[in-house]
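Step one of this worksheet: look at the structure below.
Only the coordinates and a few stated rules stand behind these numbers; no lab work does. This one's a predicted model, so the numbers in the text were calculated from it and none came from an experiment. Glycine gets a Cβ as well: all are built from the backbone with ideal geometry, and neighbour counts include every protein chain shown.
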Amino acid sequence: MFIYQTIEGAKMFPKFARIALHMAIEQTLILIKPDGAFRKLTGLTIDRLDATGLEMVGAKMICVTERLAREHYSSLSDKPFFEGLIKYIRGDYHGIKDNRILALVYRGENAIKAVRAIAGATNPEQAAPGTIRGSFGRITTTGQFENVIHASSDPTDAAKEVALWFKKDEIIP
Ligand code: UDP
Ligand code: MG
């Protein structure tokens, strides 16, 4: 009987593990990029984020120092578009005063995927119509993707990014 229960338990485990994964409560970092702020898309973006049913647990205007920008995008430092990306995220192309940006943390079930879904694909030309990037993104004549928002792409990046942009006590527990 005991063995039967154990084997059954083992057989059942992957299913429970899948359910647990499916129900993961996650936090994700969102940045309204300088083109989003410049084009007055902050309110629209927050509306769409709220419509996901996720909870806003962190929000602040923050100065994107050169150091913060390079750290945030450190995994892309060998890409040809990296230096342009640093200028873009610091607001140099949009005349953003003091390099300010709105940083948000949303929390909820599968928050990372849910926010990526409403954001759309990285390349605005490939982003589905109706997504934020598909509706409002553009590629500049120099090839820079201006795609309105940043959204963490996976749990590892999300944890790293939330910790980089927010102090612990700036996030609702
Ligand atoms: N980017 C770009 N050209 C590219 C790829 C990316 O200008 O060919 C910019 C774009 O603004 C993008 C950011 O670099 O959002 C970060 O790239 P990543 O691959 O992490 O895309 P994301 O996670 O933002 O969708
Ligand atoms: Mg990314």
ask   = Can you list the HN-Hα couplings for the stretch 149-157, worked out from phi with the Karplus curve (6.51, -1.76, 1.60; θ = phi - 60°), rounded to whole Hz and with x for Gly and Pro?
value = 9, 9, 9, 3, 9, 7, x, 5, 5
request  = Fewest Cβ neighbours within 10 Å first, please rank Asp157, Asp35, Asp92, Asp169 accordingly.
outcome  = Asp169, Asp92, Asp157, Asp35
query = Quick one: length gained pulling Phe82 to Glu170 fully straight, 0.36 nm per residue minus the C-alpha distance?
reply = 28.8 nm
remark   = Long-range amide H partners of Val57, meaning residues 5 or more apart or on another chain whose placed amide H is closer than 5 Å, are Val105, Tyr106, Arg107
key: Percent of alpha-carbon pairs separated by more than 20 Å within the stretch 59-158   = 43
request  = Hey, for a label at Ile62 modelled as a point 7 Å past Cα toward Cβ, could you say which residues of the stretch 100-122 have their backbone N under 14 Å away?
outcome  = 100-106
request  = May I have the extent of the alpha carbons of the chain along their three principal axes, as whole Å values ordered from largest to smallest?
outcome  = 72, 36, 34
key: Relative packing of 108-116, 26-34, 121-129, 73-81, which averages over residues the other C-beta atoms within 10 Å, highest first   = 26-34, 108-116, 121-129, 73-81
